[in-house]
1. Determine which member of the set Gly75, Gly89 is on the phi > 0 side of the Ramachandran plot and surrounded by 18 or more Cβ atoms within 10 Å (Cβ to Cβ).
2. Which one of Ala26, Ala5 is in a helix (DSSP H, G or I) and either within 22 Å of the chain's Cα centre (by Cα) or acidic (Asp, Glu) (or both)?
3. Considering only the stretch 79-86, I want to know if a residue exists there that is modelled with pLDDT of 85 or more and touching an Asp or Glu at 6+ places or on another chain (Cβ under 8 Å).
4. Among (1) at pLDDT below 90; (2) touching a Phe, Trp or Tyr at 6+ places or on another chain (Cβ under 9 Å); (3) assigned to a helix (DSSP H, G or I), there is one condition Val123 misses while meeting the rest; what is its number?
5. Sort out which residues of the stretch 59-118 are closer than 17 Å to Leu35 by Cα and of a type in the set (Asp, Glu), and write them in order of number.
6. Residue pairs, Cβ under 8 Å, 6 or more apart or interchain, first in the stretch 41-63 and in contact (Cβ under 8 Å) with a residue 12 or more places away in the chain and over 16 Å from Phe101 (Cα atoms), second part of a helix (DSSP H, G or I) and of a type in the set (Gly, Ala, Ser). List them.
7. Which residues, counting only those in the stretch 54-74, are closer than 19 Å to Val112 by Cβ and among the hydrophobic types (A, V, I, L, M, F, W, C)?
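The values are calculated or read from the model by the stated rules, or taken from the named source; none is laboratory data. Remember, it's a predicted structure, so these values are computed and weren't measured experimentally. So basically every Cβ, Gly included, is an ideal-geometry build from the backbone, and we count neighbours across all protein chains shown.
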Amino acid sequence: MGLLALFLLIILPIIEIYLFIEIGGALGAGGTILLIFLTAAIGVSAMRRQGLAVLQEAQSAQAAGRPPLAAAAHGLLILLGGGLLLLPGFLTDAVGFLCLFRPARLFLISAVLEALLPHIMRVRPGRRWHAADGASHRDDAGDKTIEGDYRIDDDLDDDLDGRP
């Protein structure tokens, strides 16, 4: 966490200032400012268009009975990319454009899932889990099953309805 804060608060602004100086020297002040506004406008437009497409994808997945997890991940990256394009800076614009590029989003999502899944999918005693080969396994250490019988009592149903 400390390295991330160091990067965001010190190293990223230094890189952005360096890029402003280099690009400003090549394009001039007016061209650099125009480029900043142009990338912001492109970011808002792309974020709106792709966001609506992902929203439709999520609604169709939900209508089909599937959880819209992929659409939510894409939507989050589109929002991040659009936000980065709104920030003035050329490095943040490059990362923002990558987040709006679908193959880059797929790569980012798979990389994050590969990094996080081993930490998320820890097996607790008595729980079922599925291996990558599709086989179902069970960790029975500490498994406690309570068996019992039940019956439906019609008198209780009458009491709940308010009728005698």
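1. Working: Gly75 fails: on the phi > 0 side of the Ramachandran plot.
Just a single option satisfies the conditions, and that option is Gly89.
2. Working: Ala26 fails: either within 22 Å of the chain's Cα centre (by Cα) or acidic (Asp, Glu) (or both).
Being in a helix (DSSP H, G or I) and either within 22 Å of the chain's Cα centre (by Cα) or acidic (Asp, Glu) (or both) holds for just one of Ala26, Ala5, which is Ala5.
3. Going through the stretch 79-86, the residues modelled with pLDDT of 85 or more turn out to be 79-86.
Add one more test, that the residue is touching an Asp or Glu at 6+ places or on another chain (Cβ under 8 Å), and what stays is 84-85.
Within the stretch 79-86 (the criterion being modelled with pLDDT of 85 or more and touching an Asp or Glu at 6+ places or on another chain (Cβ under 8 Å)), the answer is yes, since at least one residue qualifies.
4. All conditions pass for Val123, except number (3).
5. Asp93
6. Within 8 Å, the pairs are Leu55/Ala71; Leu55/Gly75; Glu57/Ala70; Glu57/Ala71; Ala58/Ala71; Ala58/Ala72; Ala58/Gly75.
7. Passing the criteria: Val54, Ala58, Leu69, Ala70, Ala71, Ala72, Ala73.
Results for (1) surrounded by 11 or more Cβ atoms within 10 Å (Cβ to Cβ); (2) under 14 Å from the mean Cα position of the chain (by Cα); (3) at pLDDT 90 or above; (4) not in a helix (DSSP H, G or I), shown as yes or no for each residue.
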{"site": "Leu9", "(1), (2), (3), (4)": "no, no, no, no"}
{"site": "Ala40", "(1), (2), (3), (4)": "yes, no, no, no"}
{"site": "Arg66", "(1), (2), (3), (4)": "yes, no, no, yes"}
{"site": "Ala70", "(1), (2), (3), (4)": "yes, yes, no, no"}
